[in-house]
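Derivation of every value follows stated rules applied to the coordinates shown; laboratory data play no part. Nothing here was measured: the structure is a model prediction, and the numbers come from that model. Cβ coordinates were reconstructed from backbone atoms using ideal geometry, including for glycine residues, and neighbour counts include every protein chain displayed.
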Ligand SMILES: C[S@@+](CC[C@H](N)C(=O)[O-])C[C@H]1O[C@@H](n2cnc3c(N)ncnc32)[C@H](O)[C@@H]1O
């Protein structure tokens, strides 16, 4: 320490590295640069996990009592070592936090007891895990690409009870038309995966949904974005190009402009409607991402 009220060794260091004599004369850009990263804000680049945990923590505290109870009923969420926080004694990660929000949205309108559910593009199976842990479904089918199916089968085998796992069917995309030819479902679920498929593939899936489902829940981005400050395009320009071409909602927008997102949200609901007989029962932004929209459609005719 220098003097009775002087700098600690820590601030001596900061005065050499961040809040230097030179930088304190410069106002342009100082709030999103080094000086402010020692004043009022953590540098977002090395602090990604800190911001993620803060997001989870705040969302978890705001969950409704029903959603908190639903989360507690989903056992073995620790499998796979998620990045988690602990709120009210319960470990919480972002995947299952979203799962209970999705479940809450759907169950506000659809009776799931005894329901037959089909999910297209299930990832490792978090949604299936959340649904089966909270509702006595009669069956849950997952349609996906082979590698994801393998992961989902291993994961769900590890986290579900034998009785729950026996209700899960795994369907390869090569078998999807045969599978849908005779099957009927109460609910189809698509979360964050139509947006990553070729448009023709999405339309083909929606045609199957139109023929065979009563309800359809879709949660996906309302469009595309090019803001390089978000991810430094860290996976390369080619990947950005590929991502811009997929899905049905391909307008490029500022995904952190609420007016632009709301405008594209309305368009999203019209774009993903499985067919003319489908009405939207509920729709709106899907937390936590500014640019994700969720909609529940119901087939108005049998
Ligand atoms: C970003 S992940 C989302 C996973 C999951 N819905 C979630 O939110 O955790 C996209 C999923 O869509 C699947 N997918 C991609 N193309 C597909 C296709 N043509 N048919 C079925 N599933 C597909 C991927 O294998 C993956 O499981």
| Helix 94-107 versus the longest principal axis of the chain: what is the Cα-based angle in degrees, 0 to 90, to the nearest 10? | 40
| query | Based on Cα positions only, what radius of gyration and what Dmax would you give for the stretch 1-101, in angstroms? | reply | 20.1, 57
| query | Which of 149, 242, 187 moves most in a GNM of the chain, Cα contacts under 10 Å? | reply | 242
| query | Extent of the stretch 96-240 along each principal axis, from alpha carbon coordinates, in Å, largest to smallest? | reply | 46, 31, 31
| How big is the Kirkwood radius of the stretch 174-302, worked out from every pair of different alpha carbons and given in Å to one decimal? | 15.5
| query | Of 56, 83, 120, how do they rank once you tally other Cβ atoms within 10 Å and put the fewest first? | reply | 83, 56, 120
| task | Determine the distance separating the Cα centre of the stretch 169-218 from the Cα centre of the stretch 1-42; give it in Å without decimals. | result | 55
| To the nearest 500 deg cm²/dmol, what mean residue ellipticity at 222 nm is calculated for the chain from DSSP H runs of n ≥ 4 alone, each contributing -39,500 (n - 2.57), summed and divided by the residues? | -12000 deg cm²/dmol
| note | Computed over the stretch 1-41, the distribution of all Cα-Cα distances in 10 Å bins, rounded to whole %, is 30, 49, 19, 2
| said: Which residues among the stretch 30-54 fall inside the zone where the amide N is under 16 Å from a point 7 Å beyond the Cα of residue 9, along Cα→Cβ? | reply: none
| message | Taking 8 Å as the Cα distance limit and 6 or more residues as the minimum spacing, I'd like the relative contact order of the chain as a percentage. | response | 12
| said: Give me P(r) over the stretch 67-147, computed from all C-alpha to C-alpha distances, binned every 5 Å, as integer percentages. | reply: 3, 13, 26, 25, 18, 10, 4, 0
| message | Tell me whether the stretch 135-204 comes out rounded, prolate or oblate; compute the Cα gyration tensor, take square roots of the eigenvalues as a ≥ b ≥ c, and use a/c under 1.5 as the rounded threshold. | response | prolate
| query | Roughly what % of DSSP beta bridges within the chain run antiparallel, to the nearest 5? | reply | 45
| note | Here the alpha-carbon Rg of the chain over 2.2 N^0.38 Å rounds to 1.19
| field | DSSP bridge orientation in the stretch 1-159 - percent antiparallel, rounded to nearest 5 | value | 45
| field | Tilt relative to the chain, helix 258-271 - C-alpha long axis, 0 to 90 degrees, to 10 | value | 20
| remark: Expressed as a whole-number percentage, the relative contact order of the stretch 1-56 with C-alpha contacts under 8 angstrom and at least six residues apart is 20
